[in-house]
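The structure appears below as structure tokens.
The values are calculated or read from the model by the stated rules, or taken from the named source; none is laboratory data. For clarity, every value in this text was computed on a predicted model and none was experimentally measured. In this analysis, Cβ positions are derived from the backbone assuming ideal geometry, glycine residues included, and neighbour counts consider all displayed protein chains. Surface accessibility is based on the protein's heavy atoms, side chains included, excluding ligands, DNA and RNA. Shrake-Rupley method; radii C 1.70, N 1.55, O 1.52, S 1.80 Å.
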Amino acid sequence: VQLQASGGGAVQPGGSLRLSCVASGSIFRFYTMGWYRQTPGRQRELVADINSGGITNYADSVKGRFIISRDYAKNTVNLQMNSLTPEDTAVYYCLAKLGSSSFWGQGTQVTVSS
């Protein structure tokens, strides 16, 4: 599986960004898809994920602000990020997981600053 992430950038506090991740392959629908983020000196942490049935899971820090969704027809998982704060600044990574196999996309930088 190859993952191509896009949509990062710079935004002011309170703003919004939408990240997208396109997956190759015909079995996208079976994967749990997720977004993780990492800042320097810290471990990569889960932001949100969505399983093959569409059930979502969010980190407490983003609940009510971020929405993860997937488009089975386009092999895409999206992360709508609203009410961004400087604490959301990080490199965001897309993950596809099936059983014991995990695949990472390249990171996309999100910077929230005034």
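Looking at THR76, THR89, THR56, can you tell me which residue is of a type in the set (S, T, N, Q), touching a residue at least 24 places away in the same chain (Cβ under 8 Å) and either more than 20 Å from VAL11 (Cβ to Cβ) or touching a helix residue (DSSP H, G or I) at 6+ places or on another chain (Cβ under 8 Å) (or both)? Outline the logic, then answer.
Values: THR89 fails: either more than 20 Å from VAL11 (Cβ to Cβ) or touching a helix residue (DSSP H, G or I) at 6+ places or on another chain (Cβ under 8 Å) (or both); THR56 fails: touching a residue at least 24 places away in the same chain (Cβ under 8 Å).
The match here is THR76.
The residues of segment 1-23 that are more than 15 Å from MET81 (Cβ to Cβ) and not in a strand (DSSP E or B), listed by number, are VAL1, GLN2.
Quick grid of which residues meet (1) open to solvent by less than 20 Å² (accessible area, probe 1.4 Å); (2) within 22 Å of SER113 (Cα to Cα); (3) touching a Pro at 6+ places or on another chain (Cβ under 6 Å); (4) not aromatic (Phe, Trp, Tyr):
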position	(1), (2), (3), (4)
GLY7	no, yes, no, yes
GLN38	no, yes, no, yes
ASN75	no, no, no, yes
LEU79	yes, yes, no, yes
VAL91	no, yes, no, yes
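Restricting to segment 48-92, name every residue that is touching a Gly at 6+ places or on another chain (Cβ under 6 Å) and either within 16 Å of ALA23 (Cβ to Cβ) or not in a loop (DSSP other than H, G, I, E, B) (or both). The answer is ASP49, VAL91.
Take segment 24-50 and flag every residue that is of a type outside the set (A, V, I, L, M, F, W, C) and within 15 Å of MET81 (Cα to Cα). Hits for segment 24-50 are GLY34, TYR36, ARG37, ASP49. Open to solvent by 20 Å² or more (accessible area, probe 1.4 Å), over 23 Å from VAL1 (Cβ atoms) and assigned to a loop (DSSP other than H, G, I, E, B), is that true of SER26? It is false that SER26 is open to solvent by 20 Å² or more (accessible area, probe 1.4 Å), over 23 Å from VAL1 (Cβ atoms) and assigned to a loop (DSSP other than H, G, I, E, B).
Quick check, is SER102 at pLDDT below 95, assigned to a strand (DSSP E or B) and within 15 Å of TRP35 (Cα to Cα)? Please lay out each step first, then the result.
Numbers: at pLDDT below 95: yes; assigned to a strand (DSSP E or B): yes; within 15 Å of TRP35 (Cα to Cα): yes.
Yes, satisfied.
Would you please name the residue that is farthest from the chain's Cα centre (by Cα), looking only at residues in segment 1-57 that are among the aliphatic types (A, V, I, L, M) and closer than 13 Å to GLN106 by Cα?
The qualifying residue farthest from the chain's Cα centre (by Cα) is VAL1.
Cβ-Cβ contacts under 7 Å between residues 6 or more apart (or on different chains), taken from a first residue in segment 93-106 that is within 21 Å of ARG18 (Cα to Cα) and open to solvent by 60 Å² or more (accessible area, probe 1.4 Å) to a second residue that is of a type in the set (Phe, Trp, Tyr) and at pLDDT 95 or above, are listed as TRP104/TYR93.
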